[in-house]
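The values are calculated or read from the model by the stated rules, or taken from the named source; none is laboratory data. Predicted model only: the values in this text are computed from it and were never measured. Using ideal geometry, Cβ is built from the backbone for each residue, glycine included, and neighbour counts are taken over all protein chains shown.
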């Protein structure tokens, strides 16, 4: 039997096991007379390995839900990308194979091109909520992907280009080969750089072998990959904003008693605040550690810095408005409101 066949059979077995466990849940909860008996569980999958920085936010959410529900609701970790690939996770949640997922917004951009709008600007999550951004985004997400937006578990930091050359100004990007993803391609092309597509697993080797002169990456988790061994410079200022999503199956939510629904929403908001603070602190600690290995954070000249940030926002929204004119225009108006 091939490894591919074994993995497929293993995944089908896992799905059947998960479905059986879901059917088996039930009973009245002490302290909630109108609720059926027994602890309620929501099965949670992550889009990447739990041991990485991206897996930490599960702990925050699980702890807050346990604390606020008195243990009557459990967020049960069911695995990461080794169980379901990150790009497949939103669909698995929509179909009810799992109840919840931590996902990058770009991972469901195929069915929802406007999903990447979540990276726009520097407004806080609270400001986005006040301006109506999150409600509108959740509405589009439900219509396009069939899942609820429960929270934004990672935020507070931006994206960066980490490079082998010292970026004295924007002109130094011209002709450079930069490891990229579709989100960065228009920026790099506007700067005269050459986008190069590689998997995250190949990023370090590409840098080591000189295949690329740098890469774009969220400004957190860089330390783990040791890019600083070959790319000694991080370009400042950052661009965009890292904001990941906690997705929730609507039927799983509806099956919860109203008391637990309210607790889940409240606990998620609390966990999101913890996650934002943790991301900022982790980013700062990573920078200090990488500096000990010779990393230098290079500030672009003021005029170039302003031009760079404006360019990134311009390219982001041009892409969204081209692919999703109606939803893009709706979301952009609210993001502009949040920025104001």
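Values computed for the structure shown
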| read-out | value |
| --- | --- |
| From 62, 109, 119, 136, residue being surrounded by 17 or more Cβ atoms within 10 Å (Cβ to Cβ), modelled with pLDDT under 95 and assigned by TED's automatic domain parsing to the domain that holds residue 275 | 109 |
| Test for residue 172: is it outside any strand (DSSP E or B), more than 28 Å from residue 252 (Cβ to Cβ) and either without any contact (Cβ under 8 Å) to a residue 60 or more places away in the chain or touching a strand residue (DSSP E or B) at 6+ places or on another chain (Cβ under 6 Å) (or both) | yes |
| Whichever residue in the range 286-321 is without any contact (Cβ under 8 Å) to a residue 60 or more places away in the chain and either within 23 Å of the chain's Cα centre (by Cα) or surrounded by 12 or more Cβ atoms within 10 Å (Cβ to Cβ) (or both) and, among such residues, is farthest from residue 221 (Cα to Cα) | 321 |
| Answer from 247, 222, 215 - the residue that is assigned by TED's automatic domain parsing to the domain that holds residue 50 and either at pLDDT 95 or above or in contact with a strand residue (DSSP E or B) (Cβ under 9 Å, 6 or more places away or on another chain) (or both) | 247 |
| Search result, residues across the range 31-59 that are modelled with pLDDT of 80 or more and assigned to a strand (DSSP E or B) | 40, 41, 42, 43, 44, 45, 46 |
| Test set (1) modelled with pLDDT under 95; (2) under 22 Å from the mean Cα position of the chain (by Cα); (3) outside any helix (DSSP H, G or I) - residue 186 fails condition number | (3) |
| Any hit, the range 190-207, residues being touching a strand residue (DSSP E or B) at 6+ places or on another chain (Cβ under 6 Å), part of a loop (DSSP other than H, G, I, E, B) and at pLDDT 95 or above | yes |
| Condition met for residue 11 (assigned to a strand (DSSP E or B) and either modelled with pLDDT of 95 or more or surrounded by fewer than 21 Cβ atoms within 10 Å (Cβ to Cβ) (or both)) | no |
| Number of the condition not met by residue 128 [criteria: (1) without any contact (Cβ under 8 Å) to a residue 60 or more places away in the chain; (2) buried (at least 21 other Cβ atoms within 10 Å of the Cβ)] | (1) |
